[in-house]
Amino acid sequence: MKKAKRELILEAAVHVFSSKGYHNARMEEIAAVAGIGKGTIYEYFSSKLQLFQDMLNKSLQVYYQNFNPEEMKQLSVEQRLRIIFETHIKFCRDNKELTRLVFWDSDIFDEELRDWIYTQRQEKEERVVEIIQEGIARGELRELDPMLVKVLLTGSVAAMWAPITLDGWETAPEELAHDVTDILMNGLKK
């Protein structure tokens with residue numbers, strides 16, 4: 001089945017933004033990679049910023065497709081964390097260019113784009129705090145500062161991108177997610 005032009009543009013945007021960075025990427029290059037004329041891009045996206053934001057939004061949708069809120073609420077905290085780690089590891093492995101762009105090249109984003117990304121991150125972190133608070137309320141977790149736990153968990157998730165994306169760390173996502181979750185839930189002590 002032939003891909004829709006919008007999808008072709010978004011895929012080309014990932015490639016060009018990842019290789020050139022946000023500010024050095026040109027709409028002409030994105031159009032060439034997509035195999036379309038530059039003007040066609042503007043039929044779907046009003047600006048480079050909108051194209052970049054839509055590219056990231058599409059990526060977030062792919063990222064979050066494994067998180068059915070109703071199903072997740074039925075799971076234990078440990079199961080939820082395992083799913084979060086596994087999803088993140090798979091996403092980094094399957095979307096190396098995009099992952100590198102978001103985590104590695106983020107210093108090139110202008111203030112408007114940085115604010116938008118920050119808002120997206122805050123929403124994700126609020127979900128993590130909710131999981132922690134629910135775990136404490138259900139007696140699955142001991143009384144801890146949810147903000148501190150959030151920092152530790154989101155830091156652990158974020159730290160996965162570099163070895164997978166830059167170093168080519170080949171690991172089974174299910175096994176790694178299990179091991180990381182086990183360490184977080186049970187600690188390092190023997």
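Can you give the angle from 0 to 90° between the axis of helix 5-20 and the longest principal axis of the chain, with both taken from C-alpha atoms, to the nearest 10?
Tilt of helix 5-20: around 80 degrees.
Could you do me a favour and compute the accessible area per residue for the chain, 1.4 Å probe, result in Å²?
Accessible surface, normalised per residue, equals 59 Å².
Counting only helical runs of four or more DSSP H residues, what would the 222 nm mean residue ellipticity of the chain come to if each run contributes -39,500 (n - 2.57) and the total is spread over all its residues?
Calculated mean residue ellipticity at 222 nm is -23500 deg cm²/dmol.
For Glu43 and Glu170, FRET efficiency with R0 = 45 Å and r from the beta-carbon atoms, rounded to 0.05?
FRET efficiency, Glu170 to Glu43: 0.65.
Could you sort the peptides 27-33, 113-119 by per-residue average Cβ neighbour count (10 Å cutoff), highest mean leading?
27-33, 113-119
Take the eigenvalues of the Cα gyration tensor for segment 55-135, scale each by 5, and report the square roots as semi-axes in whole Å, largest first.
25, 15, 10
Among Val157, Val62, Ala4, which residue has its Cα furthest toward the positive end of the charge dipole of the chain, with +1 on Lys/Arg Cβ and -1 on Asp/Glu Cβ?
Ala4
Place a +1 charge on the Cβ of each Lys and Arg in segment 1-154 and a -1 charge on the Cβ of each Asp and Glu, then give the dipole magnitude about the Cα centre in debye, rounded to the nearest 20.
Dipole magnitude for segment 1-154 comes out near 600 debye.
For Lys3, give me every one of the aspartates and glutamates with a C-alpha distance below 15 angstrom, ignoring sequence neighbours fewer than eight places off in its own chain.
The reachable aspartates and glutamates, counting only those whose Cα sits under 15 Å from Lys3, are Glu11.
How large a share of the accessible area of the chain, in percent, is made up of carbon and sulfur atoms when the probe is 1.4 Å and the other protein chains stay in place?
Here it works out to 52 percent.
With an 8 Å Cα cut-off and a minimum separation of 6 or more residues, compute the relative contact order for the chain in percent.
Across the chain, relative contact order equals 26 percent.
Quick one: dipole size for segment 88-190, taken about the Cα centre, charges +1 on Lys/Arg Cβ and -1 on Asp/Glu Cβ, in debye to the nearest 20.
420
The values are calculated or read from the model by the stated rules, or taken from the named source; none is laboratory data. Computed from a predicted structure; not experimentally measured. Because the Cβ atoms are built from the backbone with ideal geometry, glycine has one as well, and the counts that use them run over all protein chains shown. For accessibility, only protein heavy atoms count, side chains too; no ligands or nucleic acids. Shrake-Rupley method; radii C 1.70, N 1.55, O 1.52, S 1.80 Å.
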